Amino acid sequence: MSLEVRTVTDSDFPDWVRALHIGFLRPPSVTDAEVAQRRPHLDPARAQGAFDAGRCVATFRSFAQELTAVGGAALPVSAVTSVTVSPTHRRRGLLGRMMARDLAAAGERGEAASTLIAAEYPIYGRYGYGPAAWTTEWTVDLRRAGLDRSRPAPVGDGRIDLVDPADVRELGAALHDRVRAVRHGMVSRNRRFWDLVTGAAEMPGEPWKEPFFATYRSAAGEVEGYVAYTADDRWDDGKQPLNTATVRDLVALTPAAERALWRFVCSVDWVTLVKSGHRAPDDLLPLLLPDPRAARVTTHADFLWLRILDTVRVLQARTYAAAGSLVLQVHDADGPAGGRFRLDASPEGAVCAPTTGPVDLTLDVAELAALYLGDESAVRLLALGRVEESRPGAAELVDRLLRTSRRPWCPDVF
């Protein structure tokens, strides 16, 4: 009875940060400097804690975000982060209580869905989230990639320039907004993101190493891509370089820019391995190499999770690969997204509304989330027993409507 879940007050904040450290297995001590660094970037109205006799034992917060739907619409969502429960208070329903409060508040704010990056797969499905976009990371062994590193990396009609962090804060931010307008699955980045990645601000407890920044400009002089990468300093006993370049961010508006930036990173002297960072599973990188087997998959996992709060709004926000109509029965035991909906979809957009008509496909809200960005197959979910088909061929119709030619991509941890 002493466990209280509530909004965090200003006086709670140092203790809340201490609980955050504990949940993420960091040293629990908190300095005044860290509190001062974190405080301006946390909205107290969207930060929650669970308190036992006044001591914070669980943390949770959210912030406003935009998610790019298929077709380019910016969907307002609530991004969940800083979720922890101290090891002394596990399995007491604290996360469920905080999640319920936040999802209810998100609906009241008019946010159509909620997003998060899941540290553990089994946790969030029970709250209606589904894995909407996956990530793949490659390690490229340049010694067997087949690239001719004795010549300059090809850039077509464009050019690549090394730039300073101050340039990236402006050029990178503007470029990212242009790219996310056309790439579904991407999320908005605020000013603090750019300050952190360029060293204008510090992430408490995490030493910052300045990356190398490079931009790709088209023949017209327009910035169409940028890359940030770091490199280590390793040599073998025979004085041969064994350095690894790690891509921290690579965003490109055009395929030409993307190809040129990858070839640039793979041509840096002394670098023998390239780690790609978070990429879409169908990224261009492996097939850019004369020998794609030189790109070894080191991570392939679920990444962006989505929780739909307003089914009508979400389905109307995206475009569809073909024209068609179907009726979905959506189950949402703990939220507002359930009901029976008729979707009339087309490449230009869609109309969705509640209906009493006969059902074509029945599914949980988490499965709808997995389908929403076009990454999952309803036919596969049908084979798994996770959707129910009332009209033969309904799952195939869902795939014709919702699947996309490129997989969704979210490169950002938040």
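Amide H contacts under 5 Å for R248: A228, Y229, T230, restricted to partners 5 or more places along the chain or on a different chain, H placed in the peptide plane at 1.01 Å from N. Computed in the context of the full set of protein chains, the accessible area of the chain at 1.4 Å probe radius has 52% of its extent on carbon or sulfur. Extension gain, A33 to V351: 0.36 nm times the residue separation minus the Cα-Cα distance gives 109.4 nm. A Förster distance of 41 Å, applied to the separation of the beta-carbon atoms of D161 and E108, puts the FRET efficiency at 0.30. Mean-square fluctuations from a GNM of the chain, with a 10 angstrom spring cutoff on Cα atoms, peak among R307, R92, R61 at R92. Spherically averaged projected area of the convex hull of Cα atoms, the stretch 218-295: 6.0 nm².
Per residue, the stretch 257-414 exposes 42 Å² of accessible surface when a 1.4 Å probe is rolled over the protein heavy atoms with every protein chain present.
Magnitude of the charge dipole for the stretch 134-184, about its Cα centre and with charges confined to Cβ atoms of Lys, Arg (+1) and Asp, Glu (-1), is about 240 debye. Note on the stretch 78-157: along the principal axes its Cα atoms extend 60, 35, 18 Å, ordered by decreasing extent. Each of R92 and D282 was given a label point 7 Å from its Cα along the Cα-to-Cβ line. The distance between the two points is 4.7 nm.
Accessible area per residue for the stretch 1-125 is 46 Å², calculated with a 1.4 Å probe on protein heavy atoms, without ligands, DNA or RNA. Rounded to a whole number, what is D in µm²/s for the stretch 95-249 from Stokes-Einstein with the Kirkwood radius over alpha-carbon pairs (37 °C, 0.692 mPa s)? The diffusion coefficient I find is 168 µm²/s. When only the Cβ of Lys, Arg, Asp and Glu is charged (+1, +1, -1, -1), the dipole of the chain relative to its Cα centre reaches about 420 debye.
Within the listed set T88, T135, T68, the residue fluctuating most in the Gaussian network model of the chain (springs between alpha-carbon atoms under 10 angstrom) is T88. Dividing the alpha-carbon radius of gyration of the stretch 1-96 by the rule-of-thumb value 2.2 N^0.38 Å gives 1.19.
Modelled this way, with points 7 Å down the Cα-to-C-beta line, the labels at Y121 and H41 are 3.1 nm from one another. In the chain, the alpha-carbon atoms span a convex hull of 167 Å³ per residue. Distances between placed amide hydrogens fall under 5 Å for G225 paired with Y216, L253, all partners being 5 or more residues away or on another chain. Potential lengthening of the chain between R6 and R293 amounts to 98.1 nm, from the contour at 0.36 nm per residue minus the alpha-carbon distance. Using a Gaussian network model of the chain in which every pair of alpha carbons under 10 angstrom is joined by a spring, one finds that among L75, L384, L306 the greatest mean-square fluctuation is at L384. Answer rounded, prolate or oblate for the stretch 150-212, using the Cα gyration tensor with square roots of eigenvalues a ≥ b ≥ c: rounded when a/c is under 1.5, else prolate when a/b is larger than b/c, else oblate. Because a/c hits 1.5 or more and a/b fails to exceed b/c, the stretch 150-212 counts as oblate. Per residue, the convex hull spanned by the Cα atoms of the stretch 318-414 amounts to 119 cubic angstrom.
For the stretch 1-140, the Cβ-based charge dipole about the Cα centre amounts to some 400 debye (Lys, Arg positive; Asp, Glu negative; other atoms uncharged).
The values are calculated or read from the model by the stated rules, or taken from the named source; none is laboratory data. No experiment lies behind these values; they were computed from the predicted model shown. Counting neighbours? That spans all protein chains shown, and the Cβs are built from the backbone with ideal geometry, glycine included. Surface accessibility is based on the protein's heavy atoms, side chains included, excluding ligands, DNA and RNA. Shrake-Rupley method; radii C 1.70, N 1.55, O 1.52, S 1.80 Å.
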